[in-house]
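Each remark here refers to the structure printed beneath this line.
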Amino acid sequence: MFSSQASACRTAVRNAQPNVRQSRRFLQFRSGSTLSASRYASSRQLKGAPNHPAKSQSSPVFVSSVFVNPSRRVLAPTSLGSSFSFSTAPIRRKERPPPNSSESEEKGEEAGEQKIQGKSKNSDSAAPASGSASGSGADGRGSSAGGSGGDSGSGSGGSGGEGTSKKSRKSSPEKSLQKPTVPDVYPQVMAIPIAKRPLFPGFYKAVTIRDPNVSAAIQEMMKRGQPYIGAFLFKDENADQDVIEKMDDVHDVGVFAQITSAFPVHGEENSLTAVLYPHRRIKMSALIPPEKKSDKKAEDVSVPEPITGQADEDKKGDVVASFEEGSVEQSARDVLHYEPTSFLRKYPVSLVNVENLTEEDHDKKSAAIRAYTSEIVNVFKEVANLNPLFRDQISTFSMSQSAGNVIDEPAKLADFAAAVSAGEINELQDVLETLDVESRLAKALVVLKKELMNAQLQSKISKDVEAKIQKRQREYWLMEQMKGIRRELGIESDGKDKLVEKFKEKAEKLAMPEAVKKVFEEELNKLAHLEPAASEFNVTRNYLDWLTQIPWGQRSAENFGIKNAMKVLDEDHYGLKDVKDRILEFIAVGKLRGTVEGKILCFVGPPGVGKTSIGKSIARALNRQYYRFSVGGLTDVAEIKGHRRTYVGALPGRIIQALKKCQTENPLILIDEVDKIGRGHQGDPASALLELLDPEQNSSFLDHYMDVPVDLSKVLFVCTANMTDTIPRPLLDRMEMIELSGYVADEKMAIAQRYLAPAAKELSGLKEVDVNLEEDAITELIKSYCRESGVRNLKKQIEKVYRKSALKIVQDLGEDVFSEEKALTDEGKAAQEEAKKDNTDVKDTPLDMEKETTEQPRVSLKVPESVHLDITKENLKDFVGPPVFTADRLYDVTPPGVAMGLAWTQMGGAALYVESILESALTSSSHPSLERTGNLQNVMKESTSIAYSFAKSVVAREFPENKFFEKAKLHLHCPEGAVQKDGPSAGITMATALLSLALDYPIDPTIAMTGELTVTGKVLRIGGLREKTVAARRAGAKTIIFPADNLSDWLELPENIKEGVEGKPANWYSDVFDLVFRDLDRVHAQNAWRDQLAKSEEAEKHEKSEK
């Protein structure tokens, strides 16, 4: 039936205009669009970019088709214009089904095949071999790719049935095959964002698509023969996605590109690599967001109905039609809107409306254009000489130009220059967006010039490296030839023999033990039989080198003069009587015996008290070599005991390195920060120190690398630590502890005047200048700025005072007195002149840096003798700012419930106040409770509970009428909550604070106390009494209460520390109570809270009676 309608249509057209038959073109049918013959004919005349078909000739690109219905007027394609691409390549024709076969309605293609109204049969033709989706007519026949009256141009097209006449199959020149063309206008495309650099027309680019939806859309486009996309550059160079979410994310100017091929990415599912060929510039005008998936069926979309009419039995064949220009214009108002990318709406991809960008008119013979073109060609030649890759690209570009002369196409030349250059993204995009050819050439030339500069720099670097390598190779060969000549002449023996002789000579000068000498001879014999090229040769050589560099039997002559030692120690340090006495004892033993064994001393004290520096002074006093290394944070055992020789780059431990450096068996080795040693997966260094610091074992210390016993019994080991809590007990047991407490004010004063101030003055360049830091200023620094135990912060403040003084002197006298001309030497002036010529960035080191440097560029300037500056207490603020500490203690008058305790910290001692308050008024119905705050740790929390229980027992025993603890809700707090507090020594202080609140009696603010308390009232021994005494004196305390077990520690304290402070030992808390509450009114204490409790009881009775 449908065949007869098509035949009637052809008959009607031939009768209307017989003269057009030879020139007409037949249109490939495809559902969803209409197109006039005149529009199709005009599209054949348009100039297209070079054809790069994605299909073989047997699978042409079909974009649109026409359904013809004689019962309706012809529809004009006003909505599509010339946005379609057509192909006359033949498709495989199918046999016409029998006339009596049943007709059914089915869905068409996935991209929008629409339901045919009336009795029609959907196409069941197979797809072409290349995988493209060939369009089919609504009658179920294949459509002709070219020819007239349903004829097939090559004999393979058309869908004529069994009754198709021979006349309709005749070929003619008008029915010849034509190559598929790229559409000149494509108003809507799928957009793919590009990162890193834009694409330019005429130059291939491969992109990887990882979005599965975009990959599926590309595959369907390839099947449909519409492999066209828009490529736009991301504004953010770090962006990486395949869908454009907002127009602002990409540049609006891109390229219209054809996908020439696509293949999957190995190892990545749903990903493919697409090769793009850009044809022209386009501009994005609108972004169409992806439509959400719906359940809309294919039959809900309206489709133009096929042409129906009388069957022509004589003219059976393909459903094709041609139309006159006039007939199309009459049907313009009945056009059905169709978009060639409508089938992509089912994918969440980026669709954009675009418009073509055309180059502005230009004169190829213009002087400016010819000059730019010539310069670009010249730059290409220079870059090609430096970079072979450019040479290949230029050759490929020249061969691809049909004209053979790139100068005749300046626009393409500019695009090529930008396409092959590795310039900035914005510069390349600017070239793409520029439509004026002259401006585009200028911008492309700038980009290409930068590429030339980069190529020149790479060439220079390559030549320099090559020259250095050639020089080294030449020197190597000359040296080898010279060695060979000397060996032939007998001038020089073989290098290995000379090396063996050298090791023997060194070993003869050393007093090696027998065990070591045996190992040495074995290794030396091994070295003599090894080839120099063998890997074991260098290992053995390095081992023998270390073995002969250890000072076997070599000791330095020690100085055992007592007076000399006292003089040296007093020159470097003030105080430290315990340390100096221990060193003098060591010297006295050595003086009597003639030799001394090594000892292990450990100095423990807060930072800044001189632990490390005293070790160096001891080495100077004993005339011993000094070596220091820190084990703070050390986690590798190999640092102590060395690596095994099996490892590449193995070395002995730090102790063997110390012996090599000092070249004596009896140096002083200072091991710093032994309390901060770490532990890692490479072992426990603290355990490795057990052998090293044990006098019974270190006489045969075994290093992993040396693998021979080394005698360390003559070494004097000095360790330093801030605290002993973190030192393992076995290691602490092997060391002799000497505690260094903090300095008091008079000690700090002496240290500042003798050591710190002169050193800071010289360091600031004021050694010969009359700048005087007066004593009252130092006192103010100690009292109001530097209250820590050590003197490190005091040293910083004094240095700051002298630095400010230097700045004040320079500013007051001006640059005329201290001019740069006087300060610079002749070499410094020359170097400065060379530096002025240097235009490189400060972060880049110039190539001729040696010209800008000299050994002594400046000399010190002398300050005039008329300058005089005094730093006093009054003007000290101008140098170091306002005071940090403004009060001696926290409370001038302590209220009931507050007592001052003493604590030990890593920084020394500190005053620790304990505060207690009553949270709510006492009532007969209230229940007792205790809340504790102040960042208290477990041990201190237990002390709080003990003190609370003991205070309740004291009140119950001594003041039975006082019902305070039976009804009171208490809150106990230790100030400075940011500091963790732990330890049992605050026990008596907490009990005193609670009793002070319960008895309503304020404690004397000049009394400080420390001691551990038991539940029975026994006061136990504490540590750090010296530091706590210093802290109490600094806080203005007059009396210190401490455990009686610490009386010996108190007696050993220097008098300058105990000056102005009275010590009171206590065995039981009753001793503390008698000292603190000596003026207590016991009657008042018994009845302190009776009135409050009585009032609350009366109030409760009154409330009950009212109820």
Quiz item: Among 468-474, 272-278, 875-881, how do they line up from the highest to the lowest mean number of other beta-carbon atoms within 10 Å?
Solution: 272-278, 875-881, 468-474
Exercise. Read phi for every residue in segment 1073-1079 and hand back ³J(HN,Hα) as whole Hz from Karplus 6.51 cos²θ - 1.76 cosθ + 1.60, θ = phi - 60°, with x for Gly and Pro.
Key: 4, 5, 6, 7, 10, 5, 9
Self-check item: Filter on 599/641; 567/591; 981/1028; 577/981 - keep pairs with C-alpha separation over 24 Å
Solution: 577/981
Practice problem: For residue 726 and residue 939, compute 0.36 nm times the residue count separating them, minus their Cα-Cα distance, and round to one decimal in nm. | Solution: 75.0 nm
Practice problem: Roll a 1.4 Å probe over the protein chains and send me the accessible area per residue for segment 496-548 in Å². | Solution: 62 Å²
Self-check item: Förster radius 41 Å - calculated FRET efficiency between residue 1051 and residue 597, Cβ distance, rounded to 0.05
Solution: 0.80
Exercise. Within segment 1016-1082, list the trypsin sites (Lys or Arg not before Pro) lying in a DSSP loop whose Cβ has at most 12 other Cβ atoms in a 10 Å radius.
Key: 1078
Quiz prompt | Local net charge near residue 1078, Cβ-Cβ under 13 Å (Lys/Arg +1, Asp/Glu -1) | solution = -3
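Which FRET efficiency, nearest 0.05, do residue 473 and residue 1068 yield, Cβ-Cβ r, R0 56 Å?
Step by step, r from the Cβ atoms, then E = 0.05.
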Quiz item: Where in segment 681-700 does the amide nitrogen come within less than 19 Å of the point 7 Å from the Cα of residue 736, taken along Cα to Cβ?
Solution: 690-699
Practice problem: Return the loop-located GluC sites (Glu not before Pro) in segment 711-816 (DSSP other than H, G, I, E, B) with at most 16 other Cβ atoms within 10 Å of their own Cβ; answer none if there are none. | Solution: 768, 774, 815
Exercise. Could you tell me which GluC sites (Glu not before Pro) in segment 1023-1068 are loop residues by DSSP with no more than 15 other beta carbons within 10 angstrom of their beta carbon?
Key: 1059
Quiz prompt | Accessible area in square angstrom per residue, segment 581-686, 1.4 angstrom probe | solution = 42 Å²
Quiz item: Between residue 878 and residue 1084, what FRET efficiency comes out of the Förster formula 1/(1 + (r/R0)^6) with R0 = 45 Å and r the beta carbon distance, rounded to 0.05?
Solution: 0.25
Self-check item: Estimated distance in nm for a label pair at residue 517 and residue 356, the labels positioned 7 Å out from Cα along Cα-to-Cβ
Solution: 10.2 nm
Quiz item: Based on the mean of other beta carbon atoms within 10 Å per residue, what is the order of 442-450, 261-269, most packed first?
Solution: 442-450, 261-269
Quiz item: What length, rounded to one decimal in nm, is gained on full extension from residue 368 through to residue 661, with 0.36 nm per residue of separation minus their alpha-carbon distance?
Solution: 98.0 nm
Exercise. Leaving ligands, DNA and RNA out of it, report the carbon-plus-sulfur percent of the accessible area of segment 562-739 at a 1.4 Å probe.
Key: 50 percent
Practice problem: For segment 496-548, calculate the relative contact order in percent as a whole number, restricting contacts to Cα pairs under 8 Å that are 6 or more residues apart. | Solution: 46 percent
Quiz item: When the Karplus curve 6.51 cos²θ - 1.76 cosθ + 1.60 is applied with θ = phi - 60°, which whole-Hz ³J(HN,Hα) does each residue of segment 341-358 get, with x for Gly and Pro?
Solution: 9, 5, 5, 7, 5, 7, 9, x, 10, 8, 10, 9, 8, 10, 9, 6, 10, 10
Practice problem: Using label points projected 7 Å from each Cα along Cα→Cβ, tell me how many nm separate residue 559 and residue 870, to one decimal. | Solution: 4.0 nm
Exercise. Mind listing the long-range amide H neighbours of residue 970? Cut-off is under 5 Å, sequence gap 5 or more, other chains count too, H placed in the peptide plane at 1.01 Å from N.
Key: 919, 929, 930, 931
Quiz item: Nearest-5 percent of antiparallel DSSP beta bridges in segment 962-1077?
Solution: 25 percent
Quiz item: Considering only protein heavy atoms and a 1.4 Å probe, what is the carbon-and-sulfur percentage of the accessible area of segment 496-548?
Solution: 48 percent
Quiz item: Sequence-distant or interchain residues sharing an amide H contact under 5 Å with residue 250, placed H: which?
Solution: 235
Quiz prompt | Where labels lie 7 Å past Cα in the beta-carbon direction, separation of residue 849 and residue 926 in nm | solution = 7.5 nm
Quiz item: Summing +1 for each Lys or Arg and -1 for each Asp or Glu, what net charge is found among the other residues whose Cβ lies under 12 Å from the Cβ of residue 691?
Solution: -1
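Given the pairs 498/714; 800/862; 795/873; 235/364, which span a C-alpha to C-alpha distance of over 29 angstrom in this model?
With Cα atoms farther than 29 Å apart: 498/714; 235/364.
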Quiz item: For residue 265, which sequence-distant residues (separation of 5 or more, or a different chain) have an amide H within less than 5 Å of its own amide H, given hydrogens modelled in the peptide plane?
Solution: 271, 272, 273
Practice problem: Could you sort 700-711, 366-377 so that the peptide with the highest average Cβ count within 10 Å comes first and the rest follow in order? | Solution: 700-711, 366-377
Quiz item: For residue 237 and residue 823 in one chain, what is 0.36 nm times their gap in residues minus the Cα-Cα distance, to one decimal in nm?
Solution: 205.9 nm
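The values are calculated or read from the model by the stated rules, or taken from the named source; none is laboratory data. Owing to the predicted nature of the structure, the values given are computational and were not obtained by experimental measurement. No Cβ is skipped: glycine too gets one built from the backbone with ideal geometry, and neighbour counts run over all protein chains shown. Each accessible area value is taken on the protein alone, full model and side chains, heavy atoms only, with ligands, DNA and RNA left out. Shrake-Rupley method; radii C 1.70, N 1.55, O 1.52, S 1.80 Å.
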